[in-house]
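Step one of this worksheet: look at the structure below.
The values are calculated or read from the model by the stated rules, or taken from the named source; none is laboratory data. Every value quoted in this text rests on a predicted model; they were computed, and no experiment measured them. Here the Cβ positions follow ideal geometry from the backbone for every residue, glycine too, while neighbour counts run over all protein chains shown.
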Amino acid sequence: MSDERDEASGVRERLDTARSALPQLQDRIDRLQQRFAVTAFPVGVWLRYREDRGHEYAALWSYYGIFSLFPLLMVLTTVVGYLFPKDSELRRQIVAEVYERIPVLGPHIQEQIESIQGNGWALLIGIVIALWAGLGVVQASQDAFNLMWGVPIVDRPGFVPKRLRSLGALAIIGGGLLVATVASAVVAFVIDASGPARVAGWVASTAINAAVLLASFKVLTEAPLRWRALLPGALIAGVALWLLQMLGGFYLSGVVAGASEVYGAFAAVIGLMVWMALLARVVLYGAEVNVVAAKRLWPRSFTGKLPTDADERSFAELSERDIRRL
């Protein structure tokens, strides 16, 4: 019995020693990451993302995306039908290319989407209503970007200007994606997109993603920002979106397969929300890259025990922003 007590006492002492050594190890790691830009900058972006409630806005994107996706795809299908009314094969190729951008779930969604029908005025009204219903994600993006850049609520667009700005951004985003989709479909339709042609298509898709993000960061933010300040995040997010498009299908198929055992027919909805959340995080982190780089909010302390000048400036800005919200 005495030996067992001694052994238990020794285990507790080792655990206490490990617990007391852990904060010192964290402090050493914190000092080390602050010394090098390759680690300090990502840490600064991650901390700023948390402070700007990035997870909440990613969840909002997922929520609004469910309601926005279908009307926007309906509008896109209608526009493609009017742009390519004769060449049915090319039209099918373009529509298929649109839904291939949604891994795993694209073909299933395509079966549910039909174009808007009617005469000229009825078609126009239908498109406007569908666009208005599909503005949730864009409006949430406005709120997120303005919050990141510290735009006071009193300086943000009101009800009507906010929606007009969202429509403009939606036209830019939709136009850019439509151009990218048509270009990819035409290449696949005219030539065998393999080898150099496929690589060129990947480069073009990434460049268009970056251009669309760059324009979106500019249009959806009320602050007077230079294009140069928005370029780094647009490039990084553009590449990340391409990688997500290439590799996301493997992850999403696992999510849908796992959710099917519990949620059954609702597994597709779960997978779609996960996909939108991934897209949201990529875009929001790209926007935070611009904020951290422009305001030089790095290096920072991830433990909070070794605050830097960037920490103090960031905390001061957050405090002023919260005061302005009262």
Checking T206 against (1) of a type in the set (S, T, Y); (2) in contact with a Gly (Cβ under 9 Å, 6 or more places away or on another chain); (3) part of a helix (DSSP H, G or I); (4) modelled with pLDDT under 75, the condition it does not meet: (4)
Residue satisfying all of: in region 150-201; surrounded by 12 or more Cβ atoms within 10 Å (Cβ to Cβ) and of a type in the set (D, E, K, R); modelled with the lowest pLDDT among these: R198
Pair list, Cβ under 9 Å, 6 or more apart: region 267-291 residue under 16 Å from N209 (Cβ atoms), other residue outside any helix (DSSP H, G or I) and of a type in the set (S, T, N, Q): A287/T221
Residue match in region 217-232 (condition: within 13 Å of the chain's Cα centre (by Cα), among the aromatic types (F, W, Y) and at pLDDT 90 or above): yes
